[in-house]
1. Is it fair to say T142 is of a type in the set (S, T, N, Q), at pLDDT 85 or above and over 15 Å from the mean Cα position of the chain (by Cα)?
2. I want to confirm something. Restricting to the range 104-114 and keeping residues that are without any contact (Cβ under 8 Å) to a residue 60 or more places away in the chain and surrounded by 11 or more Cβ atoms within 10 Å (Cβ to Cβ), which single residue is nearest to D59 (Cα to Cα)?
Amino acid sequence: MAFRKRILKESQALSREAHAGIEFIPTDEITHWFVNITANDNQLYTGKLFNLEIIIGDDYPIGPPRVQFVQDQNVVPRVEVPVHPHIYSNGHICLDILGDGWTPVQNIQSVAISIHSMLVSNTRNGKLSFRLLFYRLFKVLTNNL
């Protein structure tokens, strides 16, 4: 139950502190949020709207929230999953703080800022190639033997 107090504090802080390109959208459920992200500082994403779904589990803040991009073809402007080397077409995000790199010091705001920064700093208009992905996986596995 203590995690609910923390979520309420985070929600209040988010309503007071605006960040360019990030709009938090709470829902009726305290553990389910949406975040609209624009990355107009990057010409790859100018004029595009991206939507994150954040689901906060019972283990929060010890464990990370579940975060992924969602798409909606029925709204204007169209909400889509960004083309990015660390974002899969189904919206899943490859970011260390959403997994093993998570620490309880982080919060929903820091996650959104990290993802926004990831988009703004991207210079490649493409997905991570499978060849490169398998190469990286092979290196990790062989270095741990």
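The values are calculated or read from the model by the stated rules, or taken from the named source; none is laboratory data. Everything numeric in this text was worked out from a predicted model, so none of it was measured. As a convention, Cβ positions derive from the backbone with ideal geometry for all residues, glycine included, and neighbour counts pool all protein chains shown.
1. Numbers: of a type in the set (S, T, N, Q): yes; at pLDDT 85 or above: no; over 15 Å from the mean Cα position of the chain (by Cα): yes.
For T142, the condition - of a type in the set (S, T, N, Q), at pLDDT 85 or above and over 15 Å from the mean Cα position of the chain (by Cα) - is not met.
2. Here is the first cut: in the range 104-114, the ones without any contact (Cβ under 8 Å) to a residue 60 or more places away in the chain are 104-106, 110-111, 114.
From what is left, the residues that are surrounded by 11 or more Cβ atoms within 10 Å (Cβ to Cβ) are 104, 106, 110-111, 114.
Numbers: P104: 10, Q106: 14, S110: 18, V111: 16, S114: 21 Å.
Looking at residues that are without any contact (Cβ under 8 Å) to a residue 60 or more places away in the chain and surrounded by 11 or more Cβ atoms within 10 Å (Cβ to Cβ), I get P104.
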